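Single-structure report; data block below.
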Amino acid sequence: MPQPPARQALLRAARVALSDRPWPRVRMVEVAAAAGFSRQTLYSEFGSKDGLGTALVARELEAFLDRTARAAQRAARTAADPADAPVA
């Protein structure tokens, strides 16, 4: 199910902020500004910094699991038909 654009933008901004500094130093006002939304919108979407962190972890975990599932499917296809295996 697609997420609202504000939520997506806020999560992206939080991820960028987290790549620059540790979580305790990430400020909600900075995340909101980087995403182009108000701090109130951020709090309306996530409720708190903990809520934002939880949503960010869930999003990253979902992306990881999707990549892992695709890799497993590729490996299964290769095992089923070795002719499809990449040439080393």
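The values are calculated or read from the model by the stated rules, or taken from the named source; none is laboratory data. Since this is a predicted model, take the numbers as computed values, not measurements. Ligands, DNA and RNA are stripped out before the accessible areas are found, and what is left, the full protein with its side chains, is counted by its heavy atoms. Shrake-Rupley method; radii C 1.70, N 1.55, O 1.52, S 1.80 Å.
Going through Glu60, Glu30, Glu45 one at a time, which residue ends up being at pLDDT below 95 and open to solvent by 60 Å² or more (accessible area, probe 1.4 Å)?
On inspection, the qualifying residue turns out to be Glu60.
Residues Asp66, Asp81, Asp50: which one is open to solvent by 90 Å² or more (accessible area, probe 1.4 Å) and more than 16 Å from Gln8 (Cα to Cα)?
Going through Asp66, Asp81, Asp50 in turn, just one is open to solvent by 90 Å² or more (accessible area, probe 1.4 Å) and more than 16 Å from Gln8 (Cα to Cα): Asp50.
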